[in-house]
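Before any comments, here is the structure.
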Amino acid sequence: MYTTLLASVFLLPSGDVRLASMAGAMVSAATVAATYWIAWRLFGPIAALIGAVLLTLDVTSASYSVLILTEAVFTALVTAGVLVLLRRPLERPIDVQGGALLGGATLCRPAGILLGLVSLPVCAWRQSGWSAIARHYLWVNATFFLVALL
């Protein structure tokens, strides 16, 4: 996943190491925005602001964002997966999108191999009934494993 993204940056007319670093910084900025939205949905506006500021000021995240490493893209894909799965009402296309994003994160870094399995709390958030939770969880994991097996 990351190599494909990196190759597409280098194929651009002015694609070089600086552009790849800028792409990583932009991905990290999008992750801050997604973190804000997730925290807003879960905990309210004050927590969202604190979370976004803390992520922005985190030295490790800021440092990794401009390096040509998988961390920024992996974090963005995980955050995007959670962001998609928190949309309500949760329907099959959302389950598939969330599972695909989490699967893409695993293709970016093998450390994410358990992301599908640990998505249960996100699938259960604001759901009524175990059958609905199980159905969403199965769709997320089916898509996750299909993408990860690619």
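The values are calculated or read from the model by the stated rules, or taken from the named source; none is laboratory data. Note that this is a predicted model, so its numbers are computed, not measured. Backbone-built Cβ (ideal geometry, glycine too); neighbour counts: all protein chains shown. Keep in mind that these areas ignore ligands, DNA and RNA; they rest on the heavy atoms of the full protein, side chains included. Shrake-Rupley method; radii C 1.70, N 1.55, O 1.52, S 1.80 Å.
Output yes when any residue across region 122-134 is assigned to a helix (DSSP H, G or I), more than 19 Å from residue 5 (Cβ to Cβ) and either among the acidic types (Asp, Glu) or open to solvent by 80 Å² or more (accessible area, probe 1.4 Å) (or both), and no when none is. I'd like the intermediate steps shown before the answer.
First pass over region 122-134, keeping only residues assigned to a helix (DSSP H, G or I): 122-124, 130-134.
From what's left, more than 19 Å from residue 5 (Cβ to Cβ): 122-124, 130-134.
With the extra rule that they be either among the acidic types (Asp, Glu) or open to solvent by 80 Å² or more (accessible area, probe 1.4 Å) (or both), the set shrinks to 130-131.
Scanning region 122-134 turns up at least one residue that is assigned to a helix (DSSP H, G or I), more than 19 Å from residue 5 (Cβ to Cβ) and either among the acidic types (Asp, Glu) or open to solvent by 80 Å² or more (accessible area, probe 1.4 Å) (or both).
All but one of (1) part of a helix (DSSP H, G or I); (2) under 25 Å from residue 36 (Cβ atoms); (3) more than 14 Å from the chain's Cα centre (by Cα); (4) of a type in the set (A, V, I, L, M) hold for residue 72; which doesn't? It fails just one condition, (3).
Criterion applied to 60, 79, 56 was being touching a residue at least 24 places away in the same chain (Cβ under 8 Å), open to solvent by 60 Å² or more (accessible area, probe 1.4 Å) and within 22 Å of residue 37 (Cα to Cα), and the one residue passing it is 56. Only residues that are open to solvent by 10 Å² or more (accessible area, probe 1.4 Å), part of a helix (DSSP H, G or I) and in contact with a helix residue (DSSP H, G or I) (Cβ under 8 Å, 6 or more places away or on another chain) were counted in region 137-150, giving 9.
Is it true that some residue in region 85-94 is assigned to a loop (DSSP other than H, G, I, E, B), surrounded by fewer than 21 Cβ atoms within 10 Å (Cβ to Cβ) and in contact with a Lys or Arg (Cβ under 8 Å, 6 or more places away or on another chain)?
Filtering region 85-94 for residues assigned to a loop (DSSP other than H, G, I, E, B) gives 86-91.
Checking which are surrounded by fewer than 21 Cβ atoms within 10 Å (Cβ to Cβ) leaves us with 86-89, 91.
Checking which are in contact with a Lys or Arg (Cβ under 8 Å, 6 or more places away or on another chain) leaves us with 86, 88.
Scanning region 85-94 turns up at least one residue that is assigned to a loop (DSSP other than H, G, I, E, B), surrounded by fewer than 21 Cβ atoms within 10 Å (Cβ to Cβ) and in contact with a Lys or Arg (Cβ under 8 Å, 6 or more places away or on another chain).
Being charged (D, E, K, R) and open to solvent by less than 60 Å² (accessible area, probe 1.4 Å), is that true of even one residue in region 29-45? Looking for residues that are charged (D, E, K, R) and open to solvent by less than 60 Å² (accessible area, probe 1.4 Å), one finds none in region 29-45, hence no.
Residue 49 falls short on exactly one of the conditions (1) touching a Leu at 6+ places or on another chain (Cβ under 6 Å); (2) at pLDDT 95 or above, and that condition is (1).
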